[in-house]
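Notes to accompany the following structure.
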Amino acid sequence: MSFNIARNGKKRVVIIGGGFGGLRLAQDLKKANFQIVLIDKNNYHQFPPLIYQIATAGLNPSSISFPYRKLFEDREDYYFRMTELRAVYQDENYIQTSIGKIDYDYLVIASGTKTNFYGNKNIEEFAMPMKTVSEAMGLRNSLLTHFERSVTCASGVEKQESLNVVIVGGGPSGVEIAGAIAEMRRYVLPKDYPDMNTSIMNITLVQGDNRLLPGMSQQSSAKALEFLKKMNVQIRLNTLVTDYKDNKVYMNDGTSIETRNLIWVGGVDCEPIVGIHDTQMGRGKRILVDGTNLVKDSKNIYAIGDIALMENVDEAFPKGHPQMAQPAIQQGALLAKNLKAIEQGKPTKEFKYKDLGCMATIGKNKAVAEIFGIKFGGFFAWILWMGVHLMSILGVRNKFFVFMDWVWSYFTYDRSNRMILKSFISHGMREIERHHLDNHWGDLKPNPKELEEMKDEE
Ligand SMILES: Cc1cc2nc3c(=O)[nH]c(=O)nc-3n(C[C@H](O)[C@H](O)[C@H](O)COP(=O)(O)OP(=O)(O)OC[C@H]3O[C@@H](n4cnc5c(N)ncnc54)[C@H](O)[C@@H]3O)c2cc1C
């Protein structure tokens, strides 16, 4: 296997990851004189802020995903390859992926973060993360399967375990999924399962910090807490989950909760990349960059978005920027301008983050927002939250379907995507996946240390 992309005289920009940062960069380079190669392990761009609505059957996965090939269909010299980055060879200017190697003139790493299980193997194996569309589908299947099981099982203990939900992490994702499941308990489950005793279903949100939404103001944290309490979600602040075994979640205060539904949105970190040296990485294994997102000690490798750590450049953010959509998008946009400037021999500009604010929604008519320093909550924040997200989703068709699903559930209190879809992997797909693994290194000869690291990764 190989990339099969011929050089054509233009400089080649290889972008790893088509999330918010990578995609914005690729889109903004459309009129520049580059050959663009985007690689991603999925063949579609996803919209993480609405992933929790897939997990709770509010939206269809295709409404918040967009295939890269569709995005690039009319573009000359744009190539997409579905593959995973394996290693970067900085001195030789090429990367190794699961389909072979490709050389670059400029490399941009925009591969984001992964769920952090803080080294707890039981939690990693048995809890349900919610970082990707696929994981949200897995979470939806699992929740619905347990609800089905709760009405057929004979044991009272199993019934309680199947209905209880524990969410770990009180950031926006935790708050949003807790609110959505509470609404399901109130409006959907009694209709779907007339024989289910929803009054015994407990939803618990566990947060290590002393408040919810620690990235927002005290006022928004308090409002979110008030909303969730009204929705009968139990909140455990200043509490850490230490283990999960035999369908029980253990906390550091000595208590435990029985559940088969442990949702883990407790934090993220970055996957170290073979070939990016320890001296090039900072807090949370993020890659250290200068004000133009150039990786420390490199000449032509850039990192943008969640994986990049730009310290002591932007006055308002000396410890680096928040791992949110806007910094990634704005860094992608500026890097596109800077790469064009470099090619034209013009000066580059340093990144300055324009903070547009943040929001979180807890349920129907219930959200908190902080826009340009103005803090508000309730119905108007919720309307604003919907408007902003609707505008940000890629594709007119996707906007339309999300809007229709929202209108439908607003008036009917219903969530229409409650199917348990079991995945099917064909023999052919299995063969290709096996082949990808066999061909990690193509015709490269990695050094023994890198090979050991690769084996550990697998
Ligand atoms: C559930 C959830 C809800 C969120 N809600 C909000 C919100 O409401 N507002 C907000 O501002 N932010 C939100 N965020 C954070 C926001 O999504 C991220 O900050 C943003 O996506 C970062 O953009 P990025 O381009 O750096 O990385 P990502 O958007 O994460 O993109 C990374 C891309 O790289 C690909 N990739 C990863 N590893 C490899 C590899 N080895 N090889 C090839 N491809 C690879 C991935 O498939 C992905 O497409 C949320 C995140 C999550 C998970």
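Computed values, structure above
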read-out	value
Protection proxy ranking, peptides 370-378, 58-66, 11-19, average beta carbon neighbours within 10 Å, highest first	11-19, 58-66, 370-378
Over segment 1-121: Rg over Rh, Cα atoms, Kirkwood Rh	1.01
Equivalent ellipsoid semi-axes - Cα gyration tensor, segment 109-171, angstrom	28, 14, 9
Helix-derived mean residue ellipticity, 222 nm - over the chain, DSSP H n ≥ 4, -39500 (n - 2.57), to 500	-10000 deg cm²/dmol
Long-range amide H partners of Y44 with built H, under 5 Å	Y68
Largest-first ellipsoid semi-axes for the chain, taking √(5λ) over the Cα gyration tensor eigenvalues, angstrom	39, 25, 22
Fraction of accessible area attributable to carbon and sulfur, the chain (%, probe 1.4 Å)	53 percent
Theoretical FRET efficiency, 1/(1+(r/R0)^6), r = Cβ-Cβ of I5 and I432, R0 22 Å, to 0.05	0.70
Surface accessible to a 1.4 Å probe, Y250 within the full protein complex, Å²	80 Å²
D306 - accessible surface, heavy atoms, 1.4 Å probe, Å² rounded to 10	40 Å²
Intensity falloff of segment 286-380 expressed as log10 I(q)/I(0), Debye formula with alpha-carbon point scatterers, at q = 0.12, 0.15 Å⁻¹	-0.47, -0.65
Over segment 347-407: Rg over Rh, Cα atoms, Kirkwood Rh	1.11
Order of exposure, largest accessible area first, which applies to I301, I273 with probe 1.4 Å	I273, I301
For M324, solvent-accessible area (1.4 Å; no DNA, RNA or ligand), Å²	80 Å²
Table column - 3J(HN,Hα) (Hz), segment 301-316, Karplus curve with 6.51, -1.76, 1.60, x for Gly and Pro	10, 10, 10, 9, x, 4, 7, 8, 10, 10, 9, 6, 10, 7, 3, 6
Kirkwood-type radius of segment 67-131, with distances r between different C-alpha atoms, in Å	15.1 Å
Ranked order, F401, F3 - accessible area, probe 1.4 Å, largest first	F401, F3
Estimated FRET transfer efficiency when R0 is 35 angstrom, pair N417-K375 (beta carbons, to 0.05)	0.60
Percent antiparallel among DSSP beta bridges (both partners in the chain, rounded to 5)	50 percent
Proximal charge balance of G378 [Cβ under 9 Å; K/R count +1, D/E count -1]	+2
Percent of beta bridges antiparallel (DSSP, segment 158-317, rounded to nearest 5)	45 percent
Segments 96-109, 412-425 sorted - mean Cβ within 10 Å per residue, highest first	96-109, 412-425
Where E92, E176 fall by accessible area, highest first, once all protein chains stay in place (1.4 Å)	E92, E176
Value in Å of the Kirkwood radius, where segment 263-332 supplies the Cα pairs that are averaged	12.5 Å
Inter-centroid distance (Cα atoms) of segment 22-92 relative to segment 176-208, Å	35 Å
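The values are calculated or read from the model by the stated rules, or taken from the named source; none is laboratory data. No experiment lies behind these values; they were computed from the predicted model shown. So basically every Cβ, Gly included, is an ideal-geometry build from the backbone, and we count neighbours across all protein chains shown. Areas reflect the complete protein model, heavy atoms only, side chains present, ligands, DNA and RNA absent. Shrake-Rupley method; radii C 1.70, N 1.55, O 1.52, S 1.80 Å.
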